[in-house]
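Heads up, the thing below is written out as structure tokens.
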Amino acid sequence: MSTKWFVYILLCADHSLYTGISPDPQKRFEDHKKGQGGAYTRSHKPTKLLYIKKFSSKSKALKRELQIKKMPRSTKIRLFKL
């Protein structure tokens, strides 16, 4: 049985964007808010989950995460404004 993986984008209190992957993005968002996420979100408090996209494998989610991280901010914003 394959686990579904998700790419997500968070808005942080300083208006920066954080992109990550998880099999449960809502739980991961809660972890980030509690300071149990990555180092970036410990110092840039996440305030909102802006974007979630499902993938059929962790590999596909990781590839998309990398693509998104390389995008300019304006392109990332268009992802969740659609």
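The values are calculated or read from the model by the stated rules, or taken from the named source; none is laboratory data. Since we're looking at a predicted model, the values are computed, not measured. With ideal geometry, Cβ positions are generated from the backbone for all residues, glycine too; neighbour counts draw on all protein chains shown.
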So, in the stretch 1-24, exactly how many residues are under 16 Å from Lys48 (Cβ atoms), β-branched (Val, Ile, Thr) and out of contact with any Leu (no Cβ under 9 Å at 6 or more places or on another chain)?
0
What single numbered condition from (1) at pLDDT below 95; (2) loosely packed, with under 14 Cβ neighbours inside 10 Å fails to hold for Ser59?
(1)
When the stretch 5-15 is examined, which residues are found to be loosely packed, with under 14 Cβ neighbours inside 10 Å and either within 12 Å of the chain's Cα centre (by Cα) or within 19 Å of Thr75 (Cβ to Cβ) (or both)?
His15
Residues of the stretch 67-81 being surrounded by fewer than 15 Cβ atoms within 10 Å (Cβ to Cβ) and under 11 Å from the mean Cα position of the chain (by Cα), which ones?
Lys69
Within the stretch 61-76, work out how many residues are out of contact with any Gly (no Cβ under 8 Å at 6 or more places or on another chain) and touching a residue at least 24 places away in the same chain (Cβ under 8 Å).
7
Only unsatisfied item for Lys34, checking (1) of a type outside the set (Gly, Ala, Ser); (2) more than 13 Å from the chain's Cα centre (by Cα); (3) under 21 Å from Pro72 (Cα atoms), is (3)
For the stretch 25-47, give me each residue that is closer than 25 Å to Lys60 by Cα, exposed (fewer than 14 other Cβ atoms within 10 Å of the Cβ) and modelled with pLDDT of 95 or more.
Gln26, Lys27
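To keep it simple, each residue is scored yes or no on (1) in contact with a strand residue (DSSP E or B) (Cβ under 7 Å, 6 or more places away or on another chain); (2) among the hydrophobic types (A, V, I, L, M, F, W, C).
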| position | (1), (2) |
| --- | --- |
| Tyr8 | yes, no |
| Tyr18 | yes, no |
| Phe29 | yes, yes |
| His32 | yes, no |
| Ala39 | no, yes |
| Thr47 | yes, no |
| Lys53 | yes, no |
| Lys69 | yes, no |
Quick check: anything in the stretch 22-32 of a type in the set (Lys, Arg) and in contact (Cβ under 8 Å) with a residue 40 or more places away in the chain?
no
